Amino acid sequence: MRAALRHGVGVLFVTAACLAGPLPANATALPRAVQLAADVSAARPHSEGLIGVLVEPSRLGSAGGMRAIYDFVLSAKKSVDMTMYEFIDPTMVKDLGLDVRRHVKVRVILDTNLERSRNTATYKALKAEGVGVVWADTAFAATHQKTITVDGKESLVMSLNLDDEYGYYTTTRDFGVFDTSPKDVAAITAVFDGDYAHRPIKPSDGTDLVWSPGSQPQMLAVINGARKTLSIENEEMDDAAVTGAIVAAARRGVKVEVTMVADRSYDGAWSSIVAAGGHVHLYADGSSDLYIHAKVTIADAGLKSERIYVGSINFSSASMNYNRELGIITGNATIVKDINAVVSKDFADCSPSTDCTNYR
């Protein structure tokens, strides 16, 4: 595991906001970073209730940090609903406890099928804080979703785990999107209620959502819709249909750029993409520079046909067909622009001169 300093998450368009380090355990709610973002971006067009992008790591050092997410949770007046795959963050546990003591209704779902052993300490700590916490329904292969909803009005949909171990927050590329679309938030809340009670529910896609199980057709549609460019960051690449769609895009003349972490189990997929004319840049596993944990697909950035997928869903059969997952698919120009800028830089920065030891 890579050792690094803590706190590297920030909101991409809050670079001018002078945010301090982590909140002390006895802190009260402060104006959250996304509200600052609204001031900064008031003149920038956005649609569909997608109001901001969160990037990890932010390169803002301690001036960014997890403060954006902690403030979001502490801004709650009535409720916090959280679904989390990995949760090892004592600061967040304390903040949720602060919410409980302010008479905010806090509920948390933690993955059990794959991460129960690592989540058990947090489960017990949340119980001690008075948080309503349950183990995820074992009907799913895993509950890999990472979502926080505050007051039933705004959701943060992420690829980010709440994992404060081994420098995760400062060395791991992740994204999140703040979503105030009433249809999206209502759908996320309805699914949370069902999953919390272990009650089967058919998720609504709202305005922008894509859910697993069953997300593969929508994920493929973004790839198949690319006409000029296709940029991808993902942690996994072991689904034949997805690889085939990326190969087909390269063969029809789409400029394909894939940025991932080197893993020999995906060599066959990467070789197929490169043979078709695509480009694959691989950060070394264990790199002190960056670990690509993000799950992003961007088609035709800057064009009228632009589309982006961002969320928790990996390019694996399990992730798309058997896990509980959540992502967003949108043509929102601001979301595409902000995330594409980061993804493009990650691709460009990964070269033989850095620690990208497997470069194609």
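Summary of computed values
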{"quantity": "Any hit, the range 216-225, residues being more than 25 Å from Val55 (Cα to Cα), surrounded by 20 or more Cβ atoms within 10 Å (Cβ to Cβ) and of a type in the set (A, V, I, L, M)", "calculated": "no"}
{"quantity": "Which listed residue, of Thr91, Thr83, is at negative phi and touching a Pro at 6+ places or on another chain (Cβ under 6 Å)", "calculated": "Thr91"}
{"quantity": "Of all residues making up the range 285-315, the number that are surrounded by fewer than 19 Cβ atoms within 10 Å (Cβ to Cβ) and within 25 Å of Leu114 (Cβ to Cβ)", "calculated": "2"}
{"quantity": "Tally of residues being surrounded by 19 or more Cβ atoms within 10 Å (Cβ to Cβ), in a strand (DSSP E or B) and touching a Leu at 6+ places or on another chain (Cβ under 9 Å) across the range 233-279", "calculated": "6"}
{"quantity": "Elements of type strands (runs of 3 or more DSSP E) in the range 114-160, at least 2 residues being more than 22 Å from Ile335 (Cβ to Cβ)", "calculated": "132-135"}
{"quantity": "Residue check for Thr207: within 18 Å of Val296 (Cβ to Cβ) and polar (S, T, N, Q)", "calculated": "no"}
{"quantity": "Residue that is modelled with the lowest pLDDT [pool: residues in the range 172-184 that are over 16 Å from Ile308 (Cα atoms) and buried (at least 22 other Cβ atoms within 10 Å of the Cβ)]", "calculated": "Thr172"}
{"quantity": "Residue selected from the range 275-290 under the condition in contact with a strand residue (DSSP E or B) (Cβ under 6 Å, 6 or more places away or on another chain) and in contact (Cβ under 8 Å) with a residue 60 or more places away in the chain, by the criterion nearest to Glu56 (Cα to Cα)", "calculated": "Leu290"}
{"quantity": "Tally of residues being part of a loop (DSSP other than H, G, I, E, B) and over 21 Å from Ser181 (Cα atoms) across the range 313-341", "calculated": "4"}
{"quantity": "Qualifying residue in the range 210-232 (condition: in contact with a helix residue (DSSP H, G or I) (Cβ under 8 Å, 6 or more places away or on another chain) and charged (D, E, K, R))", "calculated": "no"}
{"quantity": "Test set (1) modelled with pLDDT of 95 or more; (2) surrounded by 19 or more Cβ atoms within 10 Å (Cβ to Cβ) - Thr138 fails condition number", "calculated": "(2)"}
{"quantity": "Per-region count, the range 330-350, residues surrounded by 21 or more Cβ atoms within 10 Å (Cβ to Cβ) and under 23 Å from Pro217 (Cα atoms)", "calculated": "5"}
{"quantity": "Residue that is surrounded by the fewest Cβ atoms within 10 Å (Cβ to Cβ) [pool: residues in the range 75-113 that are assigned to a loop (DSSP other than H, G, I, E, B) and touching a helix residue (DSSP H, G or I) at 6+ places or on another chain (Cβ under 7 Å)]", "calculated": "Glu86"}
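The values are calculated or read from the model by the stated rules, or taken from the named source; none is laboratory data. This is a predicted model, so every value here is computed, not measured. Glycine also receives a Cβ, built like all others from the backbone with ideal geometry; neighbour counts cover every protein chain displayed.
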